Amino acid sequence: MRALIVEDESKMANLIRRGLSEQGYAADIASTGEDAVWMAGATEYDAIVLDVMLPGADGFEVCRRLRASGVFAPVLMLTARDSVEDRVADLDMGADDYLTKPFSFAELLARLRALTRRGPVEQPPWLEVGDLQLDPRSRQTRRGVVEIELSTKEFALLETLMRRPGQVVSHFDLLEHGWDRSYENRSNLIQVYIRYLREKVDRPFGVRSIETVRGSGYRLRKDGGRPAAAG
Ligand code: CA
């Protein structure tokens, strides 16, 4: 069993890690949400212990990003606030259980055991936007019945857009989902890959699904590029 602990207070993080390793868990610590998303993308964790109070992106946002980037390990959210609204927000963002601080280690352990027994949360089926379809698990893409071959980067871009149909997705968000931090000249990179993507998912079908929103980013049309009237 391997767990990721996401907590900026190192004392608390180390306490949890020590407790978990005594129980035979391997545990890594991420002190920011950004690190957590990166680490969970690189390593398959059996469970993620996620503190709500983090610098930068908070636990809710981190949870949303984890799910959006295809991480489906069960998430146990640690919250200092014990309000009904927070609990609802936790569950809406894809957290599987929550624990209010302060908590006993025995309780944390019991929750984690229950979660890991349950296994990964149910993964969403094919994403569908108009007649565009994409399966995050098998990494297949189709328009209508036509299979489309995409590179890893193209797939990551399209998946990010398809998870937010009709919304403007910034260059930054697109980069976050497809590239590590070492890339220079980033917005140019996105431009290039959006062009590749259009050549594959739009042009052969005579549609325009990926719109450029000048100065902001890109938007995937809710209808997938094929106006309803045209069938
Ligand atoms: Ca914290």
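The values are calculated or read from the model by the stated rules, or taken from the named source; none is laboratory data. A quick note: this is a predicted structure, and the numbers were derived from the prediction, not measured. Glycine gets a Cβ as well: all are built from the backbone with ideal geometry, and neighbour counts include every protein chain shown. Heavy atoms of the whole protein, side chains included, go into the accessibility calculation; ligands, DNA and RNA do not. Shrake-Rupley method; radii C 1.70, N 1.55, O 1.52, S 1.80 Å.
The table that follows gives values for the structure above.
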{"read-out": "Spans of strands (runs of 3 or more DSSP E) in the range 98-176 with at least 1 residues of a type in the set (Gly, Ala, Ser) and open to solvent by less than 60 Å² (accessible area, probe 1.4 Å)", "value": "168-170"}
{"read-out": "Subset of the range 13-26 that is aliphatic (A, V, I, L, M) and either exposed (fewer than 14 other Cβ atoms within 10 Å of the Cβ) or farther than 17 Å from residue 107 by Cβ (or both) - its residue that is modelled with the highest pLDDT", "value": "13"}
{"read-out": "Tabulated pairs, the range 27-54, first under 10 Å from residue 73 (Cβ atoms), second assigned to a loop (DSSP other than H, G, I, E, B) and open to solvent by 50 Å² or more (accessible area, probe 1.4 Å), C-beta under 6 angstrom, 6+ apart or interchain", "value": "46/1"}
{"read-out": "Residue within the range 8-24 that is more than 14 Å from the ligand (Cβ to nearest atom), in contact (Cβ under 8 Å) with a residue 24 or more places away in the chain and of a type in the set (Asp, Glu) present", "value": "no"}
{"read-out": "Of all residues making up the range 98-112, the number that are within 13 Å of residue 1 (Cβ to Cβ) and over 23 Å from the mean Cα position of the chain (by Cα)", "value": "1"}
{"read-out": "Index of the failed condition, residue 65 passing every other in (1) open to solvent by 30 Å² or more (accessible area, probe 1.4 Å); (2) more than 16 Å from the ligand (Cβ to nearest atom); (3) in a loop (DSSP other than H, G, I, E, B)", "value": "(3)"}
